[in-house]
Amino acid sequence: MSPQQVKDKYDLIIVGAGAAGLSAALGFLRSYDLTGASAYPDVLVISKLQSLRSHTGSAEGGIAASLGNVEKDDWHWHYFDTVKGGDYLVDQDMAEILAREAPATVVQLEHDGVAFSRLDNGKIAQRLFGGHTSNFGEQSVHRTAYAADRIGHQILHSLWQQCVAEDVEFAEEWYVTDLAIERNDGAEATCSGVVVLDTHTGELHELKASNVIIATGGAGRLFHTTSNSWDLTGDGLALAVRAGLKLEDSEFVQFHPTGLAHTGILLSEAARGEGGVLRNSEGEAFMKRYAPEHADLSARDVVTRSIASEVRAGRGVADPLDPDGPKDCVWLDLRSLGRDILESKLPEVYSTIRNYAGIDAATDLVPVKPTAHYTMGGIPINANGEVYDYHDGARHIVTGLYAAGECSCGSVHGANRLGANSLLDACLFGHRSGVAVAHRVMDAASDAPLPDAGTRALDAAYADRKNAIAAILAPTGSAASDNASESNPYALMSALGGLMEKDCAIRCNTESIADAQRVIKTQLAPQAEALTAHSDVAEFNQELTAIMEVRNLITVAQVMLAATAARKESRGSLFRTDCPERDDANFLKHSHVDAQGAVEWEPVTIKDFKPEARTY
Ligand SMILES: Cc1cc2nc3c(=O)[nH]c(=O)nc-3n(C[C@H](O)[C@H](O)[C@H](O)COP(=O)(O)OP(=O)(O)OC[C@H]3O[C@@H](n4cnc5c(N)ncnc54)[C@H](O)[C@@H]3O)c2cc1C
C-alpha cells in the first residue's frame, strides 16, 4: 500500500508496522476525540516491509501477564521477576507499569481478535517461561498467554486488521532514511519530521510531522548467528544517533539459548516451558548443576552462559549435519513431550526442526546453540514513550519525538529481558505513546497550535540524503566491475556479523572489544562509505537500501562497542572475562552513548526491590 497522496504536514508519523507501531496507531486513534474537531488527524504509518512481514509475526512462545488462569498469580510477582531477571538494571517505576497493566493489555489483544489457546474452562491458556515465578522467586508459574507457538502471527494480523478497520493510512516498502531534530537558537530540541525513500518509485520525500513515533524493531543482524529476520538492521537506532541523540544501555544484547544449530533459527523457550531439557554430550541435564532452583527455566542469560561453559569444558556436541565440525552445540531433548504435545502446542518448533535439520524431535535429540535475539538497549523513553536526551545530570525531552517497541529503551528489561515480556512491552508502551500523542494533538487543537519547529534540520537532511543517494547510484567503477566485499553490502554485513560474533557475543574483554572497534574503524566503515550500487536505477533497487542498512548497522555497532568498553563489569547478558563480577558500587546505572562514543551515566530508579545476588 502507498498513500493516496503525500500531505504537506502530518499530525503523526509512525515509523514501523510491527506490534509497537500498530499498537501506537490504535492507541492514537482510539483516544483521539473527534467531537468538535475540524478535521480528521493526518496519520501515516511507514514500513520498509509490507506490514505483515514485520518480525513481530515470527514471535512464537507467548506474552506475559499475571492473569492467573492456570494457578494463582500476582502482578507484584511479575514486577519482581522483571526487575530481578534484568539483573537490577531495571527502572522499577517502568517495570511496575509493565506488570500492572499487562493483564489489561492481553485482554485488549483478545478483544482485538487474537485467537489465544484456551483452557478447558474457556479461559486464555498460559504456560511456563524462564524467570517467571510465583511468590517472589519460589517456583515457576504459568504466566505466558499463548496461541500454540504462533503468538506473533496472531498479534500482528489482529492489530493490522484493526488498523485497516480504522482506515489507517500505510506507506509500505517506504524506507525512512533520516530523522530531523531542530535545535534552533538554543531552544529545546524538537522533532520536525522524517526523510523517506519510496522504494517503488525511487522518489525521496521530505515529510513534516508534529509528532513522530519510531518503532523500527531491533538490530539482531549485527551478529552472524541470529534469530532475527533480515530487516532488523537497527535503522531506528542509527536514525536517532545521526540526529544527535544517544542510545541507552546498548551494550546489552540477549542471546537466546536455543537457536537451531548453525541456522540461528529460534526454537522457542516454550519448548522448555512445556518440559524440554538441555543435555550435554554425556547426556547430563546440566542446568540443574548451574541453577538448582529453576534449572532449564532460568533466565536466558544464565542458560546461555551455562551452555557456553559446557562447550568450553569439552561437553559440547557437533551438529549431526556437520559431524566433523566444531562441538559448539548442546542437545535440546523434547522426547518426553511426545508427538501429540509437539504437534498441538509446539507445531512451529516441531516442523522447523524437521524441515531445517531433518530431525524428528519426538524421537531424536536436537542440536542447539545460542543465537542473537534481542536488543535490550535503545532510544531512551519515559512512561509516555517520549524520547529524551540525558545530559548534565537530567532528562531533556525531545518535543514531538516518541519511540516504542524493541528499538526503544524504557529500561523495563534492564540487562536481560525475560521471555514473553517484549511483545508486552511493544503493545503496552506502543499504545501509551499513541495515547500521549493524541492528547498532545488534541490539546494543541483546542488551545494554541503546536509550536512550529521550523524545518532547517529537515531541509538539510533531505538535501544531504539526495546527494548521498545520487552518489550511491552513480557507479564509479569498482562496484560495477567486481564482487569483492568492499563493493557489496551483503558481504559487508556478513563480515560485520562475523566480527561482532567473534569479539562481542556472549563473552568479551578489553582486547576483543578494541579489536572489533579497530577493524570497524579502519576497514568496514570506510568500505561501507565507499559502496556504490551495481545499477543506477532508483526504482526497486534493493541494493540501494542494503547499502544504507549496512551503514546503519556500522553506526549502531560503534555505539554498542563504546558502551561495552565503558561498562567494566559483568551484568545480565554482558559477560566480560576481565571484569567477571557485577559491580553495583560503580555500575548500577544506565549508559547513554552518542555517535562519538562519549558516555553519560544515568542512575537506575530503585523503588521496591534492593539489588541482590542472582543465580537464576
Ligand atoms: C523469532 C522470534 C521469536 C520471538 N518470540 C517472542 C515471544 O514469544 N514473546 C515475546 O514477548 N517476544 C518475542 N520475540 C521478540 C518480539 O517479537 C519483538 O521484540 C517484537 O515483536 C518487536 O516488535 P516491534 O514492533 O518493536 O518491531 P518489529 O516487529 O521488528 O517491526 C519493525 C518495523 O519497523 C519497520 N522499519 C524498520 N526500519 C525501517 C525504516 N528504516 N523505514 C521504515 N520502516 C522501517 C519494519 O518494516 C517493521 O514494520 C521474538 C523475536 C523473534 C525474532
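The values are calculated or read from the model by the stated rules, or taken from the named source; none is laboratory data. The structure presented is a predicted model; accordingly, all values stated were derived computationally and were not measured. FYI the Cβ positions are ideal-geometry reconstructions off the backbone, even for glycines, and counts take in every protein chain you see.
Each residue in the range 34-65 was checked for being among the polar types (S, T, N, Q), within 8 Å of the ligand (Cβ to nearest atom) and farther than 30 Å from TYR350 by Cα, and 1 of them qualify. The requirement of being part of a helix (DSSP H, G or I), among the hydroxyl-bearing types (Ser, Thr, Tyr), in contact (Cβ under 8 Å) with a residue 40 or more places away in the chain and under 30 Å from GLU206 (Cβ atoms) is fulfilled somewhere in the range 45-55, by at least one residue. The number of residues in the range 411-445 that are within 12 Å of the ligand (Cβ to nearest atom) and either outside any helix (DSSP H, G or I) or closer than 17 Å to SER250 by Cβ (or both) comes to 9. A count restricted to the range 228-256 and to residues that are more than 22 Å from SER47 (Cβ to Cβ) and either within 13 Å of the ligand (Cβ to nearest atom) or part of a helix (DSSP H, G or I) (or both) stands at 4.
The residues on offer are ASP322, ASP301, and the sole one that is within 28 Å of the chain's Cα centre (by Cα) and of a type in the set (Asp, Glu) is ASP301.
Does LEU418 count as crowded, with 24+ Cβ neighbours inside 10 Å and touching a His at 6+ places or on another chain (Cβ under 8 Å)? Criteria met by LEU418. Given the criteria over 30 Å from ALA474 (Cβ atoms) and at pLDDT below 95, does ILE506 qualify? Here the answer is yes, as ILE506 does meet what is asked. Taking the numbered list (1) surrounded by fewer than 24 Cβ atoms within 10 Å (Cβ to Cβ); (2) more than 10 Å from the ligand (Cβ to nearest atom) in turn, GLY264 passes all entries but (2).
Please find, within the range 26-44, the residue that is surrounded by the fewest Cβ atoms within 10 Å (Cβ to Cβ) out of those that are touching a residue at least 60 places away in the same chain (Cβ under 8 Å), among the aliphatic types (A, V, I, L, M) and over 21 Å from GLU206 (Cα atoms). Filtering the range 26-44 for residues that are touching a residue at least 60 places away in the same chain (Cβ under 8 Å), among the aliphatic types (A, V, I, L, M) and over 21 Å from GLU206 (Cα atoms), the one surrounded by the fewest Cβ atoms within 10 Å (Cβ to Cβ) comes out as ALA37. Considering the range 102-140, and only residues there that are among the polar types (S, T, N, Q) and part of a helix (DSSP H, G or I), the residue that is surrounded by the fewest Cβ atoms within 10 Å (Cβ to Cβ) turns out to be GLN108. In this structure, does GLY27 turn out to be near the ligand (Cβ under 7 Å from one of its atoms), assigned by TED's automatic domain parsing to the domain that holds GLU166 and among the small types (Gly, Ala, Ser)? When the stated conditions are applied, GLY27 does not pass them.
Residues considered: LEU204, LEU159. Of these, the only one that is farther than 27 Å from GLY264 by Cα, away from the ligand (no atom under 12 Å from the Cβ), of a type outside the set (Val, Ile, Thr) and in contact (Cβ under 8 Å) with a residue 60 or more places away in the chain is LEU204. The set of residues in the range 336-383 that are of a type in the set (A, V, I, L, M, F, W, C), closer than 21 Å to ASN280 by Cα, more than 13 Å from the ligand (Cβ to nearest atom) and out of contact with any strand residue (DSSP E or B) (no Cβ under 7 Å at 6 or more places or on another chain) comprises LEU337, ALA361, ALA362.
Every condition in (1) away from the ligand (no atom under 16 Å from the Cβ); (2) among the small types (Gly, Ala, Ser); (3) outside the structural domain of VAL412 (by TED's automatic domain parsing) is met by ALA148 except one, and the failing one is (1).
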